[in-house]
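Bear in mind these aren't lab numbers, they're just calculated from the coordinates by the rules spelled out. Not measured: the values here are computed from a predicted model. Cβ coordinates were reconstructed from backbone atoms using ideal geometry, including for glycine residues, and neighbour counts include every protein chain displayed.
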Amino acid sequence: MFELGKSVKFKIDNVIVQYHIFDKCQPIMVTFPPVCQSIPLALIDSDPTVWSFDFFAKRKMNIIAFNHIGSGNYFDSAEFISFLASIVDDLALFPQRIGYGASLGGFALTLHADRLKLSKALLMMPQTTYDKAIASWDPVVMKAQPSIHNPMASLDGAHCQTPLTVIYDPLWIPDKLHVARFTHPIQRLTIQGIGHRTPRALLHMGMLTDVVLAFIEGEIDKHDFYQRIKAKRNLSYYFRDAYKLPGLNLTKKRLFIIYKHKLIFRVNNLNFEPQKIATRLKESVDKRVNKLKHKP
């Protein structure tokens with residue numbers, strides 16, 4: 001089915017598919033995007049970008065990338081699943097079939113990894129279900145639209161048997177509870193205090209490319225990973241959220257470290273602070289003035 005040596009893009013039901021095969025003797029990446037990368041219906045005719053395709057194609061790595069169109073789309077239409085079934089034998093020709101996805105993309109991989117006979121998959125902060133009755137503790141799930149194709153209870157990735165490596169924040173309760181639902185052993189790498197923004201945090205720490213490529217080549221070096229994520233102390237949202245996470249019981253020593261590095265961060269970024277402070281003061285004054293205006 002696959003054409004060699006060129007980029008091919010087409011639509012299957014409500015999914016855009018794009019692939020490029022450089023060398024059948026090398027592994028192939030199979031990728032699904034986070035929900036925020038949905039392609040609006042209005043942009044279908046404008047040659048939209050398919051999430052992750054350029055990252056791998058520029059490195060001359062075999063890639064087949066799937067991108068959802070519109071909302072209420074969980075890569076679960078009968079037509080799309082039939083397409084996946086039709087390419088299983090073609091994928092089997094590659095020495096390895098490696099999945100990569102984040103959030104909704106992690107969910108899609110858990111649904112289809114076994115069907116596609118993937119060798120392994122890297123998931124970042126994956127959902128395992130979008131069923132509100134099961135995951136009432138996840139605000140992302142509670143805000144999500146139901147599938148336009150299937151009952152949400154019928155879509156559950158918790159029983160995926162493909163070897164999985166999952167990167168997430170164990171202090172972010174929804175992500176922790178999703179990961180706990182996996183019924184088969186998984187490899188876990190954790191980044192505490194960054195919330196539901198794992199790929200963004202890795203990108204901001206200059207680690208995302210290295211982590212993904214290391215996974216493809218073998219395994220992520222845990223010692224190196226945990227040494228490098230100390231750079232999270234340079235992320236503004238880490239300090240904003242690190243001591244606000246639900247269920248977090250910080251020791252005085254840990255709290256001191258957080259405040260210490262928060263202070264260092266603010267001093268190092270002092271040029272940006274005055275405007276932020278001025279904006280917050282103005283918002284606060286405006287609020288109080290409005291309250292006075294509306295007092296009886």
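For the Cα trace of region 89-177, dividing Rg by the Kirkwood Rh returns an Rg/Rh value of 1.00. For region 37-120, the list of trypsin sites (Lys or Arg not before Pro) that fall in a loop by DSSP and count at most 15 other C-beta atoms within 10 angstrom reads 58, 59, 60, 117. For a paramagnetic label modelled on residue 142 (point 7 Å from Cα along Cα→Cβ), amide N atoms under 18 Å away belong, within region 187-205, to 196. 3J(HN,Hα) along region 7-17: 7, 10, 10, 7, 10, 10, 6, 10, 9, 8, 10 Hz, from the Karplus curve 6.51 cos²θ - 1.76 cosθ + 1.60 with θ = phi - 60°, whole Hz, x for Gly and Pro.
Going from the residue with the fewest nearby Cβ atoms within 10 Å to the one with the most, 1, 61, 124, 29 rank 1, 61, 29, 124. Hey, with R₀ at 35 Å, roughly what FRET efficiency would residue 41 and residue 192 work out to, going by the Cβ-Cβ distance, to 0.05? According to the calculation, E is roughly 0.35. Computed over all pairs of different Cα atoms, the Kirkwood value for the hydrodynamic radius of region 1-146 is 15.5 Å.
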